[in-house]
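Working notes, beginning with the structure itself.
Rule-based calculations on the coordinates, nothing more; no lab input. None of these values were measured; they are calculated from a predicted model. No Cβ is skipped: glycine too gets one built from the backbone with ideal geometry, and neighbour counts run over all protein chains shown.
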Amino acid sequence: MANTSEENMTLFPESADDLLICSPSGRILFQSSNLRARLQLDLVGRSLNDVLPDSQAAALIVAAHEGRPHGFQSQLCGQPVRCAMEPWDDKLMITVFPAEQTVGPTLSLPAAELLSREISSSLGTMFAALDALPPPQGAHGQLAWDAISQGLYRLTRLSRNLLDCARAENGQLELQIRAHDLADLCRRIQARLEPILAQLAIPLACEIPPGPLSCQYDEEKLERVLYNLFCNSIKYTRPGNAIRFSLAVKGENAVLQVSDRGAGIPQDMIPYMFCKHKNPAAASRPLVSGAGYGFALARAILSLHGGTCFATSQQGQGTIVKLTLPLRQPEGPQATLSSPQLDYASGFDHLLLELSPALPSHFFARGTKPAED
């Protein structure tokens, strides 16, 4: 057999997520350095049955054989963990999350709703006051107006993400599941992003199938996830380096991928990439910014769809985020169809709202305020 572990070491660098990659039979071919250090044990060459309960190891192998993702909670080498498996070529790619990431809600839903409502009320007043001001005079006045407008967008985005993360943690984040053309959604996102990225001198390379791709999902929430991924890529990508966006079908799943050649993520921050607030050391790191709500919400939304959200990154080389979405929704609570809800953006341009942390302030010049109700 070829040295598959060396091949995977190339594809998943030392700064990757806490990963295990296994053969179809459950033999561990690759273990990321992060996971090896945390467990203080080299698992390469061992069987999943040696490190997980037999029933869970069997469920993983069956799910991979059927081409579907699988998540579970367990004990790995005596440590409580949450695992998410995604079929990858003919192998199993398992991302391992430490126990501290599986704790209960950090903010009650009533408290989050109160905070969001108070923030939104204040932001509405500030937007109205800003709009009532006379046109800015001179370049400095325009820069100040644009910066204030962008700040209000960013606070609005944070308020929405805080509320929906609390809803997800408390089991109250609802989906509006309907049949849509996923390829058409991707083409529309491409059309909206291209002129913005052109202004930033960042090429956008897309691989989207020409025909329709029917899939059942919440269009607004999936669009929000994708815009958030692009926001992070734009924030850390230098002019001239391309961002790549692709859609493909693999088995019974649609696979969406956003990758960049940006700054990448420091190795010690990778385990916290999908966590709110990251970790206490993040505040002092120049390459790590934001409260972490965007990625946390992205993973929660994909999980509710029965899909997965995985990331690999290498500092100085870039980041790859891959989403899988079942082409057919499973029966059960994940596929809820609730009554129509109000636009989460309250009239804001969705693209500008989600990209607000990454764009220069001139994108938020006068005239980009929310639409009237």
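Laid out as a table, the results:
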read-out: Amide H contacts of Phe30 (H built 1.01 Å from N, under 5 Å, at least 5 apart or other chain); value: Ile21
read-out: Rg over Rh, two decimals, the stretch 62-203 (C-alpha only, Kirkwood Rh); value: 1.10
read-out: Ranked by how many other beta carbons lie within 10 Å on average, peptides 312-319, 118-125 from highest; value: 312-319, 118-125
read-out: Net lengthening on full extension, Arg154/Ala179 (0.36 nm per residue, minus Cα-Cα); value: 5.9 nm
read-out: Efficiency of FRET from Cβ geometry, Leu130 and Arg238, R₀ 30 Å, rounded to 0.05; value: 0.40
read-out: Cβ-placed point charges (K, R +1; D, E -1), dipole of the stretch 63-175 about Cα centre in debye, nearest 20; value: 160 debye
read-out: Stretch gain in nm, segment Ala147-His350, where the contour uses 0.36 nm per residue and the Cα spacing is subtracted; value: 71.2 nm
read-out: Anisotropy class of the stretch 173-220 from Cα gyration tensor, a/c 1.5 cut; value: oblate
read-out: Under Karplus coefficients 6.51, -1.76 and 1.60, residue-wise ³J(HN,Hα) of the stretch 310-326 in Hz, glycine/proline x; value: 10, 9, 10, 7, 9, 4, x, 10, x, 9, 10, 10, 10, 10, 10, 9, x
